[in-house]
Amino acid sequence: MIRHTKQGAVDILSVEESMVYLHIDKMQLEVDQLLKAGQPRVVLNMKDVALCDSRGLEFILDLRDRCVKCGGMFKLASASHLCLDILQITGVLDQIEHYENSVQAAGSFAL
């Protein structure tokens, strides 16, 4: 499940379960509803994500690509140590900005 909040013009998408194969299709449907128009500024808050498998990594990269294609931006926040290790080992962390929390990530859009 993804909880959607806004901080100014930034959409904060807080994932509330592991980003694994079983949950991704449901997450994709939720995100599709949120990204219908405009130039999205999205923060994916991973605070409650215990694990991220290859399908979860695909979801992150696809979401980033969709935001950029629409002229928007995408950032990650609050990933656990395990998720950060997975993101780093797979090279995903080299392609996406990560912040300690969603407030810092949302604030970085103003820079």
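With 18 Å as the limit, the listed pairs Lys26/Lys69; Lys26/Lys75; Lys6/Lys36; Lys6/Lys69; Lys6/Lys47 have Lys26/Lys69; Lys26/Lys75; Lys6/Lys69 beyond it between alpha carbons. Each label was represented as a point 7 Å from its Cα along the Cα-to-Cβ direction; for Asp32 and Asp48 these points are 2.3 nm apart. About the centre of its Cα atoms, the chain shows a dipole size close to 420 debye [charges on the beta carbon of Lys, Arg (+1) and Asp, Glu (-1) only; nearest 20 debye].
Label separation (Ser80 vs Glu58): 2.3 nm, computed from points 7 Å beyond Cα along the C-beta direction. Beta bridges per DSSP, both residues in the chain: antiparallel share near 35 percent.
Here are labelled values, (1) 27, 13, 11; (2) 19, 16, 13; (3) 21, 16, 12, and one is the computed semi-axes √(5λ) of the Cα gyration tensor in Å for what I pasted. Which one? After the calculation, the listed value that fits is (2).
Take the Cα of Arg66, step 7 Å toward its Cβ, do the same at Ala9, and the gap between the two points is 2.1 nm. Of all segments of the chain bounded by trypsin sites (Lys or Arg not before Pro) found in a DSSP loop with no more than 16 other C-beta atoms within 10 Å, the longest spans 48-111.
Quick note: the coordinates plus some simple rules give every number you see, no bench work behind them. All values reported here derive from a predicted model rather than from experimental measurement. When we count neighbours, we look across all protein chains shown, and the Cβ atoms used for this are built from the backbone with ideal geometry, even at glycine.
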